[in-house]
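Participant: Below you will find the structure I want to go over with you.
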Amino acid sequence: QRWSSFNTWFTIGLFGKRPQSGRGKASDVAASPGFVADIDCRGGVHNEKNLPTKEEAFKLIGEFPFRPSLLIWSGGGYQVYHLFDEPWIFETESQLEKAKALSRRWQHFILSRGKEKGWKLDSVGSVEHLFRVPGTFNHKGSPVPVEIVEVKNASF
């Protein structure tokens, strides 16, 4: 209830220690639980015409080669989580760079699928990217709940 009037985010990357300032950088990330796509949808908080409808975005997600581990409605689109069986722990900078490169390629795949349909989707491939927290509200306009839509092998 305390956060019902604030936008609340978390970073997909797991930080090794608290950032010295701000929301953190890629170099602060020590591990990743997986990769995320963010598919904004037309209507509600987004009025751009080159975005999919909620139904079109859901259909696109169903066309991905891997079923999402977690699907969240952010109040303006879908956050599509593909989680690893175990977090990818970066013991070297080289491992972090490999994760960043793989995340960029996954984003490119998703963006290209949207482009084929005439949509402009956002790239959220940075390992420190921020996402809305389920159970909170998106306050870009009138408050809209951020909700879990589906968890692999379970639906809500």
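Laboratory data are not the source of any read-out in this text; all were calculated from the coordinates shown. Only a predicted model underlies this, so the values are computations on that prediction, with no experimental measurement involved. Glycine gets a Cβ as well: all are built from the backbone with ideal geometry, and neighbour counts include every protein chain shown.
Participant: Given a 10 angstrom Cα cut-off, can you work out which residue in GLY114, GLY77, GLY62 is the most mobile in a GNM of the chain?
Facilitator: Checking each option, the largest mean-square fluctuation is seen for GLY62.
Participant: Only helical DSSP H runs with n ≥ 4 go in: add -39500 (n - 2.57) per run for the chain, normalise by residue count and round the 222 nm mean residue ellipticity to 500 deg cm²/dmol.
Facilitator: Helices in the chain give a 222 nm mean residue ellipticity of -7000 deg cm²/dmol.
Participant: Using only Cα positions of segment 27-79, each an equal point scatterer, no hydration layer, compute I(q)/I(0) via Debye at q = 0.13, 0.14 Å⁻¹ and quote the log10 values to two decimals.
Facilitator: Debye intensities relative to I(0), on a log10 scale: -0.38, -0.43.
Participant: Could you tell me which GluC sites (Glu not before Pro) in segment 52-100 are loop residues by DSSP with no more than 14 other beta carbons within 10 angstrom of their beta carbon?
Facilitator: Passing sites in segment 52-100 are GLU63, GLU91.
Participant: Right, next: Sort out for me the Cα centre separation of segment 111-156 from segment 40-89, rounded to whole Å.
Facilitator: After rounding, the separation between the Cα centres reads 5 Å.
Participant: Among residues other than SER112 whose Cβ falls under 13 Å from its Cβ, what is the net charge (Lys/Arg +1, Asp/Glu -1)?
Facilitator: Values: positive: ARG104, ARG105, ARG113, LYS115, LYS117, LYS120; negative: GLU63, GLU116.
Net of charged neighbours comes to +4.
Participant: Further question: Residues of segment 25-46 with the amide nitrogen closer than 15 Å to a label point 7 Å from the Cα of LEU130, along Cα-to-Cβ, please.
Facilitator: It comes to 25-26, nothing else.
Participant: Could you work out how far apart the two model spin labels at GLU86 and ILE148 are, taking each label as a point 7 Å from the Cα in the direction of the beta carbon, and quote it in nm?
Facilitator: A separation of 2.4 nm, rounded to one decimal place.
Participant: How many Lys pairs in segment 1-131 lie less than 13 angstrom apart by Cα atoms, where the lysines are 8 or more positions apart or on different chains?
Facilitator: Details: LYS17/LYS25; LYS25/LYS100; LYS49/LYS117; LYS49/LYS120; LYS59/LYS117.
Total qualifying Lys-Lys pairs in segment 1-131 comes to 5.
Participant: Given a cut-off of 16 Å, what percent of all Cα-Cα pairs of segment 60-107 lie beyond it? Please report the intermediate quantities before stating the final value.
Facilitator: Numbers: 602 of 1128 pairs.
Of all Cα-Cα pairs in segment 60-107, 53 percent lie more than 16 Å apart.
Participant: Here is a further query. Rounded if a/c is under 1.5, else prolate if a/b beats b/c, else oblate: with a ≥ b ≥ c from the C-alpha gyration tensor eigenvalues square-rooted, which is the chain?
Facilitator: oblate
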